[in-house]
Amino acid sequence: MVMEVIANYEVKRDLVPTSNALLKPEVQSAILAEVAERLKPTQGNLLEGADESAPALDLSAVVAKTTEIVVQQTIDIPRIAVVPTGEVTTGFHPFKLGSLPNFQPGQREIVGQELRTNEQFTMSREAGVKEQRFEDYIVKKLIDFDDIDYFTQSELLYDLAGQAVAHYKAQKYSEAELHEVLDTYGAELARLIHAEMMAHFWEEATKYEVQVSRGFTELKPCNYTAVAGQTAHHYRETVTELGKIKQMLFGGFARCLYPLQKFDSDTERRFAVILERDALKWFKPAKGQFQIYYKLGTEQPEYIPDFVAEIDTKILLVETKARTDIDTQEVQAKAAAAVRWCKHASDHAASVGSKPWHYLLVPHDEIAESKRLNDFSRFEFKI
């Protein structure tokens with residue numbers, strides 16, 4: 001019951017800006033009063049059959065102890081929303097097309113044969129409307145996509161279509177063959193070009209407003225599946241079959257806020273060894289814990305960092321990544337979104353006297369159990 005009441009205080013940001021504020025005498029008194037009120041209908045049932053010599057329930061002690069544990073087992077993660085205000089405009093940055101298929105002009109007739117009579121017949125495909133400009137075969141298919149506005153993007157559309165036309169002109173096709181290729185494959189070319197456009201999508205608002213609705217949030221439950229009869233491995237245990245690590249459960253933690261964790265790689269397990277030694281508390285966040293979203297074309301998937309760890313002077317969001325993947329568009333987009341979130345979280349933290357947030361993007365080959373957590377400060381990602 002105390003836990004249920006405490007959960008309601010997440011949204012009372014003015015009264016409880018951080019989890020530590022739950023320990024204030026006035027907040028403790030308010031929690032105690034609400035818990036006592038909620039227990040009234042069941043107090044009789046709780047005491048029925050009780051040993052009269054047993055000490056009476058000290059509700060204030062229960063509230064104090066429960067709250068203390070909650071604070072100890074919490075890293076203050078604010079709930080942050082960045083809301084665009086004013087007019088929002090969208091578009092696509094100009095770019096050079098990647099490689100295109102080498103479509104070939106071909107016969108417009110198909111020869112068939114009746115199975116019963118063995119008589120042959122021909123089917124011909126009529127050519128579509130012959131466009132005055134080669135680019136029009138592609139542009140008229142591009143504007144069928146819902147997220148493309150011809151009136152604001154026409155210049156870019158003709159530039160991209162022109163690049164595609166130049167590619168096929170370089171194949172030394174005759175003018176008739178070019179019309180045939182572009183008429184036949186215009187829709188497929190538009191689909192390929194549109195897919196590339198998504199990587200160059202942009203959105204801008206007149207202004208953005210940062211809203212902090214909660215100063216701390218309850219940890220999301222982690223639901224794991226494991227092989228029947230499998231016991232948790234100690235996190236320090238060397239994994240010999242690395243391909244099976246994703247199916248393994250690990251435990252034995254002293255500073256992790258969850259009793260069990262799963263790792264996607266042995267790199268993560270080794271980093272957990274470092275956190276167990278050097279962090280005050282840490283955990284691997286579950287989906288929805290941070291609600292950080294990044295742009296990937298027109299999509300906005302949720303980004304779930306590998307680790308969150310609190311140390312004496314700051315709180316860290318950490319991503320461990322194969323060195324070859326660090327410069328990929330997706331990893332960089334995730335990192336940029338995480339850094340922006342850390343900036344807003346740090347601004348909030350400064351206003352309530354809490355620790356700032358930093359984002360680390362650590363190459364996998366830098367992680368060794370012999371290293372200290374401070375050694376990774378040089379991998380702080382900034383934009």
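The values are calculated or read from the model by the stated rules, or taken from the named source; none is laboratory data. Predicted model, so just to flag it, every value in this text is computed and none were measured. Counting neighbours? That spans all protein chains shown, and the Cβs are built from the backbone with ideal geometry, glycine included.
Can you spot a residue in the range 300-313 that is among the aromatic types (Phe, Trp, Tyr), in contact with a Phe, Trp or Tyr (Cβ under 9 Å, 6 or more places away or on another chain), closer than 27 Å to residue 7 by Cβ and in a strand (DSSP E or B)?
Yes, the range 300-313 contains at least one residue that is among the aromatic types (Phe, Trp, Tyr), in contact with a Phe, Trp or Tyr (Cβ under 9 Å, 6 or more places away or on another chain), closer than 27 Å to residue 7 by Cβ and in a strand (DSSP E or B).
Only one of 32, 47, 39 is of a type outside the set (Ser, Thr, Tyr), surrounded by 13 or more Cβ atoms within 10 Å (Cβ to Cβ), over 33 Å from the mean Cα position of the chain (by Cα) and at pLDDT below 90. Can you tell me which?
Within the list 32, 47, 39, the selection yields 39.
Hey, any hits in the range 339-347 for a residue that's aromatic (Phe, Trp, Tyr) and in contact with a Lys or Arg (Cβ under 7 Å, 6 or more places away or on another chain)?
Among the residues of the range 339-347, not one is aromatic (Phe, Trp, Tyr) and in contact with a Lys or Arg (Cβ under 7 Å, 6 or more places away or on another chain), which makes the answer no.
Which residues, taken from the range 283-318, are farther than 29 Å from residue 92 by Cα, within 13 Å of the chain's Cα centre (by Cα) and charged (D, E, K, R)?
Within the range 283-318, 287, 306 meet the criteria.
Would you mind telling me which numbered condition in (1) in a loop (DSSP other than H, G, I, E, B); (2) in contact (Cβ under 8 Å) with a residue 40 or more places away in the chain; (3) crowded, with 18+ Cβ neighbours inside 10 Å residue 263 fails?
(2)
Residue 161 is checked against (1) part of a helix (DSSP H, G or I); (2) under 19 Å from residue 297 (Cα atoms); (3) of a type in the set (Gly, Ala, Ser) and fails just one. What number does that condition carry?
Every condition holds for residue 161 apart from (2).
All but one of (1) without any contact (Cβ under 8 Å) to a residue 40 or more places away in the chain; (2) touching a His at 6+ places or on another chain (Cβ under 6 Å) hold for residue 239, so report the exception by its number.
Of (1) without any contact (Cβ under 8 Å) to a residue 40 or more places away in the chain; (2) touching a His at 6+ places or on another chain (Cβ under 6 Å), only one is false for residue 239: (2).
Among the numbered criteria (1) more than 20 Å from residue 209 (Cβ to Cβ); (2) crowded, with 18+ Cβ neighbours inside 10 Å; (3) at pLDDT 95 or above, which one does residue 357 miss?
(1)
Quick check on this structure: which one of 283, 271, 307, 290 is buried (at least 21 other Cβ atoms within 10 Å of the Cβ), touching a Ser or Thr at 6+ places or on another chain (Cβ under 7 Å) and not acidic (Asp, Glu)?
271
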